[in-house]
Amino acid sequence: MQKSEKQQGNKATIFLGIAVLIELAFLSFTVFQGSGKNIILYMSVYAFTFILFMIAYFIIRNRTIKFGNKIILKASKAFNTEPVLFVIIFFALLYRITLIPAEPSTSDDVYRYIWEGKILANGFNPFEKAPDDPELNFLHSDNLPGKVTFPSMTSIYPTVAQAVFLFNYLVSGESDWGMKLIYLLCEFITFVFLIKIFELRKQNRNLVILYAWLPLPIMEYFINSHIDAVGIMFFIVFIFLILSGKYIQAAFTFALTVITKLIPVIIAPLLIKKLGWKKSFYFSAVFLITAAVLLYPIIPETRAINESFFTYLQNWSFNGSVYSLLNGIFRNGYLAREISSVLFVITLGIISIKYSDFLKAAYSVFIAFTVFAATLYPWYLGYLAALNPFFGFYSVLSLFFTINLTNLSPLADVWTEYTWVYIVEYVPFYFLLSIELMFLIQKRKTIGKK
């Protein structure tokens with residue numbers, strides 16, 4: 001056997017070994033979690049699997065891996081074959097299936113999902129009836145709505161999300177496995193369309209590992225059951241369609257992603273330059289008609305549909321970097337939120353005017369959202385995680401790793417945010433991001449001189 005073939009064989013063995021170790025870690029969480037939350041186990045499994053995930057990524061990227069001066073894995077021929085892609089997708093699905101029996105650990109959002117599915121099934125509108133509404137007392141059980149946070153607030157989740165909640169309650173009652181089955185299908189479709197986008201861009205398809213094996217979506221969607229998995233699926237389909245020039249179909253899927261969760265609407269300004277004014281008009285028409293048709297059934301009669309949503313926007317804050325810095329300087333959360341919003345809008349405007357690559361622009365907008373958001377829970381990074389495989393910023397990967405530390409907040413007697421967590425999270429992120437941006441600027445200048 002030639003030396004290069006032996007190196008490839010060693011890589012394959014190590015890669016499969018890593019895949020199995022990650023699976024064992026997720027299996028251990030499901031087995032040893034016990035009843036109720038186990039945040040320390042969650043954080044430990046997250047950190048362990050993330051390190052293994054990064055090693056697997058370096059193998060895919062054909063990087064030499066060192067520990068001190070010792071070479072653990074030497075770069076050789078590109079590890080880019082069809083069987084490797086199959087292994088990535090197979091294990092990505094296996095990890096998610098393994099965690100379906102797991103209970104929510106670091107977030108209680110799923111209990112609201114289940115509750116809203118339950119009252120929908122009983123003919124009530126979650127945008128009109130808050131969980132603590134006396135009219136719903138006959139639906140109370142041992143867990144619900146007792147485990148629903150902020151029970152005086154009506155829903156902030158749009159129609160597609162509500163359809164998922166209803167389906168879950170109809171098939172699994174006050175459990176969440178019905179939801180996770182939908183997530184599993186959505187994640188598979190996400191993988192398929194990520195691969196299609198790689199093919200469009202003539203990139204290494206195996207880089208799908210950057211999303212498929214990333215612990216953040218795996219654990220947030222299949223332990224904590226966050227609805228983002230559905231929105232991300234529609235979002236990635238939309239990206240593929242818009243890059244393929246199918247703007248009418250793209251408008252429909254963009255409506256579906258926004259009517260699942262509103263976050264992706266932030267890239268809407270990019271579409272004017274991408275489509276031009278005429279196509280933008282048709283795109284907007286399809287989007288607005290689809291959104292109106294989907295939203296109409298849940299419009300409440302007795303209160304504004306956006307009442308709880310604006311309460312959330314005006315009052316919530318957690319783990320925001322620029323926002324927290326401004327709030328620390330001015331001691332005024334409202335002012336900090338306003339300045340952060342203005343800075344985000346300015347950044348969005350610059351990107352919308354200056355960009356030449358739509359996908360890169362969308363990625364930049366989500367990085368800007370990450371920088372200026374007043375509230376940044378780990379699962380809010382899901383859309384950025386789905387775009388990161390095409391660019392692989394180490395700054396973004398560092399944040400995916402360190403944001404795990406925010407799970408320490410609920411461990412205290414009272415919800416607590418720690419200054420040292422902000423430092424560990426954001427110093428590496430901004431340091432690496434500044435280097436990556438300077439490299440891109442320098443690269444653009446070099447290309448411009450040729």
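The values are calculated or read from the model by the stated rules, or taken from the named source; none is laboratory data. In this text, all values refer to a predicted model and were calculated from it rather than measured experimentally. Please note: Cβ atoms are built from the backbone with ideal geometry, for glycine as well, and neighbour counts cover all protein chains shown.
Structure values in brief
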item	result
Any hit, segment 427-447, residues being within 23 Å of Val230 (Cβ to Cβ) and either surrounded by fewer than 15 Cβ atoms within 10 Å (Cβ to Cβ) or in contact with a Gly (Cβ under 7 Å, 6 or more places away or on another chain) (or both)	no
Cross-chain or 6+ apart pairs with Cβ under 7 Å, segment 112-129 first and of a type in the set (S, T, N, Q) and surrounded by fewer than 24 Cβ atoms within 10 Å (Cβ to Cβ), then at pLDDT below 90 and assigned to a helix (DSSP H, G or I)	Asn125/Ile298
Residues that are more than 30 Å from Asn168 (Cβ to Cβ) and among the basic types (Lys, Arg), drawn from segment 185-207	Arg201, Lys202, Arg205
Those residues of segment 131-159 which are among the small types (Gly, Ala, Ser) and without any contact (Cβ under 8 Å) to a residue 60 or more places away in the chain, in sequence order	Ser141, Gly146, Ser152
Which numbered condition Tyr418 fails, given (1) touching a Leu at 6+ places or on another chain (Cβ under 8 Å); (2) under 23 Å from Asn327 (Cα atoms); (3) modelled with pLDDT of 95 or more	(3)
Filtered residue count, segment 24-46, keeping only those that are without any contact (Cβ under 8 Å) to a residue 24 or more places away in the chain and among the small types (Gly, Ala, Ser)	3
Any hit, segment 199-220, residues being surrounded by fewer than 19 Cβ atoms within 10 Å (Cβ to Cβ), without any contact (Cβ under 8 Å) to a residue 24 or more places away in the chain and outside the structural domain of Gly382 (by TED's automatic domain parsing)	yes
Segment 246-266 residues that are surrounded by 19 or more Cβ atoms within 10 Å (Cβ to Cβ), paired with ones that are charged (D, E, K, R) (beta carbon under 7 Å, 6 or more apart)	Tyr247/Lys279; Lys261/Asp228
